[in-house]
Each structure stands twice: as structure tokens, then as C-alpha cells.
Amino acid sequence: MRAGDQRIDRELPSLLTTYRSLHEAPELSKQEAKSSAMVAARMRELGYEVTYPVGKYEEPNATCYGVVAVMNCAAMTMGSFVDCGDAPWPPRPRMVTLTESALAMK
């Protein structure tokens, strides 16, 4: 068995649990507090530097639940910004530059 296959077998139960928890109790648009908190917590567990919540809606009293996760390595810095609000379905995390991440945090 290849190393990649072994890792998939090892991670699959956790991934299925995450999938089920997100899809068995879906949250309405602009109310994704539990989903985004779960993503932020998991990214912290994986060693990412997390800023949560981030973002801004046009409505003055609306709360944003965006997550910015940055992994600093000796060779490079990688960031991921997950925006749950008004996203296409299925939602897709997108890679962003640190400049974009800094702008998103304002």
C-alpha cells in the first residue's frame, strides 16, 4: 500500500465526521457561526495561524464569519481564506496572497 493510500485510510474517519457535522445541520447564509468556528478550530489544530472572524457585509449589524489561516514555513508562507457567505455551491476555499489576507482582515 502506498503512503498516500495509508494516509487517506488514516484520515478518512475524521473527514467523514467533519463532512457529516457540516451537512447534517446546515446553517443559513450569513449565519455560519458553528461551521466557521469548526473550520477555525481545525486549522489551529493543524498548526495554522488563524484570524477569525474576518470580513464585512454591507449590512451594518451583520456579523461575518470568514476564516483566514496562514501557515508559515521556512521556505514559503501559504494562506487560505474561506468565505462561507454568498459562496457558490459547493463552497471552495481559495488560496490568497498575504496582501489579500491582510486586506480581508480590515
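The table for this structure:
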item: Selection from the range 15-57 of residues that are closer than 11 Å to A69 by Cα, among the small types (G, A, S), in contact with a strand residue (DSSP E or B) (Cβ under 7 Å, 6 or more places away or on another chain) and not in a loop (DSSP other than H, G, I, E, B); result: A40
item: Looking only at the range 57-70, and only at residues there that are over 15 Å from A33 (Cβ atoms) and in contact with a helix residue (DSSP H, G or I) (Cβ under 9 Å, 6 or more places away or on another chain), the one that is surrounded by the most Cβ atoms within 10 Å (Cβ to Cβ); result: V68
item: Residue in the range 84-99 that is in a helix (DSSP H, G or I) and at pLDDT below 90 present; result: yes
item: Qualifying residue in the range 21-44 (condition: at pLDDT 90 or above, exposed (fewer than 10 other Cβ atoms within 10 Å of the Cβ) and either aromatic (F, W, Y) or within 13 Å of the chain's Cα centre (by Cα) (or both)); result: no
item: Near pairs, Cβ below 8 angstrom, 6+ apart or cross-chain, from the range 2-19 (surrounded by 10 or more Cβ atoms within 10 Å (Cβ to Cβ)) to any residue that is assigned to a helix (DSSP H, G or I); result: T18/M38; T18/R42
item: Selection status of R7, among the charged types (D, E, K, R), over 15 Å from Y65 (Cα atoms) and either modelled with pLDDT of 90 or more or assigned to a loop (DSSP other than H, G, I, E, B) (or both); result: no
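The values are calculated or read from the model by the stated rules, or taken from the named source; none is laboratory data. Just so it is clear, the model here is predicted, and its values are computed rather than measured. Neighbour counts are summed over all protein chains in view; Cβ atoms, including those assigned to glycine, are modelled from backbone coordinates with ideal geometry.
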